[in-house]
Structures are given as C-alpha cells and as structure tokens.
Amino acid sequence: MIDKSRTVTLADVQKEMRPVAFSTLVKPAGSTCNLDCSYCYYLDKAVQYGGHEAIMSEDLLREYVRQYITANAVDMVTFCWHGGEPLLLGLDFFKKAVSFQKEYSNGKRITNTIQTNATLIDRDWCRFFRENGFLVGVSLDGPRDIHDGFRVDKQGRPTWDRVMASIGLLKEYDVEFNTLSVVSSRCEGRGKEIYGFFKSVGSHFMQFLPAVEHVVDKPGFHRPLIVPPQHEGSYLAPWSVSAEGYGKFLCDIFDDWVVSDVGEYYVQMFDATLAQYCNAQPGVCSMCETCGDCLVVEHNGDVYNCDHFVYPEYLLGNIREKPLVEIYNDPRRFRFGVAKRADLPKECMRCRYYFACRGECPKHRFEKTSSGDARNSLCAGLKYYFRHTQPYFEKMRDLLILKKAPAKVMPWAAKRLSGNG
C-alpha cells in the first residue's frame, strides 16, 4: 500500500527548496487568560502543562526572538503574539520584546501583531501599540447578546462593554485594529446583522472562524473539556455551528459586501477565495493545499505544528534544546503539512470546489463519507458558499486579468442579486 503521507508533488519540493520563511504564533502566557470563554479550545492546555500559570521567562523571550529572526531567510519577519491572553504579561514584557527585536533584527524589517480579548487595554497600551506599530486583533463576536453568550470572565460576568470601550480607545489613539469573531450556533441566521455591526464598530478587516469542537465531561471541571474528535466518549459541543448555518452565514455577509463594500471592507474568507480563483496564495492556512508554515511556540519553548494540534503527540521539540530553524526543517513538520492533502477522501479531490476549499482545516475532519473516510464536517456549508459566490469571484478574477479593480464588480453584482442582471 502506498503511504500517501510520503507522496510529494513538484509544488511541495519547490516550497521546501525556497529560502526558509515561516510564521509563528507565540504564546508567552500559554493558555493563561482572564476570561472563561465556553468555546475556547486553548484554555484546556493548562491541564497539559500541569495547571500552573504560564509565563515566558525573559531569557527564553530573548532566545525566541533571536532564533525566530535568524531562522527566517527573508527581509520581513512578523511576530504574532497570541494566547491565552498575552496582555496579562504587562507592558514591560513587550517593551523587552521590542528591544530584543531591535537588537537581533540585523537589517530585517520587524512587524508585530497581537491577538487580545481587549478587556485589559488602557491608554498606556494604546500609546505603546501606536508608537511601535502593532496591529491589534480584537476578539469580538458581534452584538452584545452574541458576544456575552460565551465570552465571560472568570466570575461569569459579561465582557462586551469592556471590549467596546477598548475599541474606542484604539480608535482615539489611531491604533490599527481588526476583528476576529467566532461563528457559533448563536450566529446562525444573523450574518447580515453581524456584518453591519462590525462596520458600525469601524472594523475594516474581519475574520470569521467557525466553532466546531468536541468535548467530554470531566469530573472536577466546571466546564466540558475540549478534546480531539476521536477522543473516547467525546460529543459535539452545543455551541458548534452547523454546516448549513455556517454556509448561509457567509453568503448573507457576502451578498451585502459584494454590492457595497469591495475594496473598502475586507473579509478574510472572501480575500482567500478570490486568491484561489487567481491562483495566488490564499493568506489563510485552512485554504492552503498543505499545512505546516505557522508553528506554535509555547511559553516554555515547546514547538508544535499548529495552534489546533497542541497535543503531546504533535510536539516537535523545544527551542532551548534544538534551534527553531532545525525544528522547522524536521521531517515530521513536513509530513504533517502534506497529510492535509494526502488524507482527504477521494470525493474531495474530485470536487469542483477543491481548488478553493482544499479540504479546509484538518481539525474539522470527522464526518464520515459513504466509503468510511473522514471529510470536513462543514463540507455542505462550504459547498453552498462556493456555489453561491462563484459567478462573482469569476467576475472579479476577470477584472483583475484586465488590470481593473475588483470593486468594479459591485454594479454588476447588484443587478444580478436583484434579478435584473
């Protein structure tokens, strides 16, 4: 039998032959967070690390910054600070990080992004972000009832008001920000409303990530424990969005965006889809043919293949014991990436939308096909989205070929959607 995980394409070889260039999600506070969001898949990593509060030491921070900049053989290196909640480490930690970046930049351009729940932002943070050019990703799910339905603090208190106040401060200090939103079961049927809300907030770049998780009930825990789908006794979490609900959610937003907002507001899924039609890099790992170019660096230096696969069996090494560049070049990282394509059911490879979908994220592959293979549980919704949007993305692709702005699709789209096109 052929081991598909060892089957490579010319594109795979060319990718590995290019100068080393990869990104990392660094989690200096590990899973430590001041919130207790119901659907958070990362809070439970505390169990994996002994349940203690995670903090990246100053000497490890220096070593990570040095190794990451050195490992990337490109002119620009982007640091993505993630969590847990990274702001819990305080301003001094990030001031040190910036000073280390300057020390080891060696002529490379350094940029920073930080993902935060935005409950701890104050004027000092805003001044720091602005002065150092940080792009701030704000976790916000939408209107109050949707956001506060899951995003509460350790005392069970809602957080929407605090997040909105922080966004006000970011705007006051002219700090660039975008929004990251979890699409849960509460979002189904409310796509237009949610999109309109984010426009009113001033978010010009929006990410919508589907929540599809499996959990087990664990004695002694106040919440179900999020586990891989194959875990014994696991069941689909009640907040998970349905495939049909997710597809309809995307289409409802798209129908507003394509007639009014192309070129002014950016939705990650739409940008990535257009890139696929143009045979360009989609800019989001879930829609790439293979994985493995965004490693996770934990608070203690452990490195994993992916943010969604921080489990012991996916540990690649520790930067205290093995240089980050060697960890990136580890054959296990390559095999993990190629498996995204190799493990797809045959029906996916024959699908007319494979070029756009690429099987989406492997973490969602737990729906069984008639042949017993595992396919993406969001498949039906993704097909609905790709089928609905195909004529518009083809039109935008054709405009780009003619060196015209994709925004010129809007009058044509308005006529088509109204039934007059």
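Structural remarks
- Members of segment 139-159 that are among the aliphatic types (A, V, I, L, M) and in contact (Cβ under 8 Å) with a residue 60 or more places away in the chain: 140, 152
- Flag not set for residue 300, criterion: within 29 Å of residue 380 (Cα to Cα) and touching a residue at least 24 places away in the same chain (Cβ under 8 Å).
- Output for segment 20-40, where each listed residue is out of contact with any helix residue (DSSP H, G or I) (no Cβ under 7 Å at 6 or more places or on another chain), over 21 Å from residue 68 (Cβ atoms) and of a type outside the set (D, E, K, R): 33, 35, 37, 38, 39, 40
- For segment 215-255, residues that are basic (Lys, Arg) and in contact with a Pro (Cβ under 8 Å, 6 or more places away or on another chain) total 1.
- Residue match in segment 403-410 (condition: surrounded by 20 or more Cβ atoms within 10 Å (Cβ to Cβ), of a type in the set (Gly, Ala, Ser) and modelled with pLDDT of 95 or more): no
- If the condition is being among the charged types (D, E, K, R) and within 16 Å of the chain's Cα centre (by Cα), then segment 359-383 contributes 360, 363.
- Only one of the listed residues (54, 29) is at negative phi, modelled with pLDDT under 90 and crowded, with 20+ Cβ neighbours inside 10 Å. That residue is 54.
- Taking (1) among the β-branched types (Val, Ile, Thr); (2) closer than 19 Å to residue 39 by Cβ; (3) outside any helix (DSSP H, G or I) in turn, residue 163 satisfies each apart from (3).
- For segment 258-276, taking the residues that are open to solvent by 10 Å² or more (accessible area, probe 1.4 Å) and without any contact (Cβ under 8 Å) to a residue 24 or more places away in the chain, the one that is farthest from residue 210 (Cα to Cα) is identified as 275.
- Scanning segment 99-116 for residues that are under 23 Å from residue 84 (Cβ atoms) and without any contact (Cβ under 8 Å) to a residue 24 or more places away in the chain returns a single hit, 99.
- Meets criteria (at pLDDT 95 or above and crowded, with 19+ Cβ neighbours inside 10 Å) for residue 194: yes
- Test result for residue 316, under 29 Å from residue 42 (Cβ atoms), in a strand (DSSP E or B) and open to solvent by less than 60 Å² (accessible area, probe 1.4 Å): yes
- Those strands (runs of 3 or more DSSP E) of segment 201-257 in which 3 or more residues are in contact with a strand residue (DSSP E or B) (Cβ under 8 Å, 6 or more places away or on another chain), surrounded by 18 or more Cβ atoms within 10 Å (Cβ to Cβ) and touching a residue at least 60 places away in the same chain (Cβ under 8 Å) occupy 205-210.
- Within segment 323-355, considering residues that are in a helix (DSSP H, G or I) and without any contact (Cβ under 8 Å) to a residue 12 or more places away in the chain, the one farthest from residue 72 (Cα to Cα): 350
- The set of residues in segment 277-300 being under 21 Å from residue 84 (Cβ atoms) and surrounded by 20 or more Cβ atoms within 10 Å (Cβ to Cβ) consists of 285, 295, 296, 297, 298, 299.
The values are calculated or read from the model by the stated rules, or taken from the named source; none is laboratory data. If you're wondering where the values come from, they're calculated on a predicted model, not measured in any experiment. Glycine gets a Cβ as well: all are built from the backbone with ideal geometry, and neighbour counts include every protein chain shown. The accessibility values were calculated without ligands, DNA or RNA, using every heavy atom of the protein model including side chains. Shrake-Rupley method; radii C 1.70, N 1.55, O 1.52, S 1.80 Å.
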